[in-house]
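Reading through the structure tokens given below for one structure.
The values are calculated or read from the model by the stated rules, or taken from the named source; none is laboratory data. Nothing here was measured: the structure is a model prediction, and the numbers come from that model. Using ideal geometry, Cβ is built from the backbone for each residue, glycine included, and neighbour counts are taken over all protein chains shown.
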Amino acid sequence: MTTVRFHLDALTGAGLVSAEPERNPARGRPRRLYRALAPLEPGHADSGYQGLARVLAAHWASSEDDPVGRAEAAGRAWALDDLTGTSGAPRSIEDAASTLTTLFAEMGFDPELESEPEEMRIRLHACPFESVARQSPNVVCALHLGLMRGVLDRLGAPETDNRLIPWETPRTCVAHLARR
């Protein structure tokens, strides 16, 4: 076990693996849960789309005309642009959270749905836009919040107090859907 822990610590230090304590552990010390991450290459040149996203997000973030509000509105518009392919009869908050989790999985976020009586949480373990989001979180995270809210509207989900907490841990964001 010591050899495995040594290698996992090395992978964590290199940014290839994330480690978080187990939530709701049994008795005793909580286990550490590991997840593989996309390799981070700080000196690596951006792909064309990453570079474009970085330039646009930075430009939008520097705008004096409410960049957060505009980014959230863009996310809502994205949700209406047939992104989820879902609409129709109103859905329960559980169904809506499940649909959002599937959408986030398709986008590459490695989501984990958690349910409690008063709220649903979706832990986003791998942001596919992390390099851009770290530079312009007010724009990228607001865009994802708008996307989430737009999907909830489109699904006819019950009213919720919803929010997105960027970087709740160094590598994880959390979407909250609290019942009203």
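Picking from 30, 90, which residue would you name as being modelled with pLDDT under 85, more than 25 Å from residue 138 (Cβ to Cβ), in contact with a helix residue (DSSP H, G or I) (Cβ under 8 Å, 6 or more places away or on another chain) and of a type outside the set (A, V, I, L, M, F, W, C)?
90
Identify all residues within region 159-180 that are among the hydroxyl-bearing types (Ser, Thr, Tyr), over 10 Å from the mean Cα position of the chain (by Cα) and under 14 Å from residue 130 (Cα atoms); write none if there are none. Let's see the steps before the verdict.
Within region 159-180, the subset among the hydroxyl-bearing types (Ser, Thr, Tyr) is 160, 169, 172.
If we keep only those that are over 10 Å from the mean Cα position of the chain (by Cα) as well, we get 160, 169.
Hit for region 159-180 is 169, nothing else.
The rows are residues; the columns are (1) among the aliphatic types (A, V, I, L, M); (2) in contact (Cβ under 8 Å) with a residue 40 or more places away in the chain; (3) assigned to a helix (DSSP H, G or I); (4) assigned by TED's automatic domain parsing to the domain that holds residue 55.
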{"position": "71", "(1), (2), (3), (4)": "yes, yes, yes, yes"}
{"position": "94", "(1), (2), (3), (4)": "no, no, yes, yes"}
{"position": "99", "(1), (2), (3), (4)": "no, yes, yes, yes"}
{"position": "121", "(1), (2), (3), (4)": "no, yes, no, yes"}
{"position": "131", "(1), (2), (3), (4)": "no, yes, yes, yes"}
{"position": "147", "(1), (2), (3), (4)": "yes, yes, yes, yes"}
{"position": "167", "(1), (2), (3), (4)": "no, no, no, yes"}
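Counting just the residues of region 110-132 that are buried (at least 22 other Cβ atoms within 10 Å of the Cβ) and touching a Pro at 6+ places or on another chain (Cβ under 7 Å), which one comes out nearest to residue 56 (Cα to Cα)?
124
Would it be correct to say that residue 102 is of a type in the set (Ser, Thr, Tyr), within 26 Å of residue 60 (Cα to Cα), surrounded by fewer than 19 Cβ atoms within 10 Å (Cβ to Cβ) and under 13 Å from the mean Cα position of the chain (by Cα)?
Taking the combined requirement at face value, the residue does not satisfy it.
Would you call residue 110 within 19 Å of residue 72 (Cβ to Cβ) and among the charged types (D, E, K, R)?
When the stated conditions are applied, residue 110 does not pass them.
Report yes if residue 77 is of a type in the set (A, V, I, L, M) and out of contact with any Phe, Trp or Tyr (no Cβ under 7 Å at 6 or more places or on another chain), otherwise no.
Spelling it out, residue 77 is indeed of a type in the set (A, V, I, L, M) and out of contact with any Phe, Trp or Tyr (no Cβ under 7 Å at 6 or more places or on another chain).
One line per residue, one yes/no per condition, for (1) touching a His at 6+ places or on another chain (Cβ under 9 Å); (2) at pLDDT 90 or above:
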position: 82; (1), (2): no, no
position: 85; (1), (2): no, no
position: 119; (1), (2): yes, yes
position: 131; (1), (2): no, no
position: 155; (1), (2): no, no
position: 160; (1), (2): yes, no
position: 170; (1), (2): no, no
position: 174; (1), (2): no, yes
position: 180; (1), (2): no, no
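Only one of these conditions is not met by residue 139: (1) at pLDDT below 90; (2) more than 29 Å from residue 63 (Cβ to Cβ); (3) hydrophobic (A, V, I, L, M, F, W, C). Which number is it?
Going through (1) at pLDDT below 90; (2) more than 29 Å from residue 63 (Cβ to Cβ); (3) hydrophobic (A, V, I, L, M, F, W, C) one by one, residue 139 breaks only (2).
Given the conditions (1) assigned by TED's automatic domain parsing to the domain that holds residue 111; (2) surrounded by fewer than 12 Cβ atoms within 10 Å (Cβ to Cβ); (3) at pLDDT below 75, report the number of the one that residue 62 does not fulfil.
Status for residue 62: all satisfied but (3).
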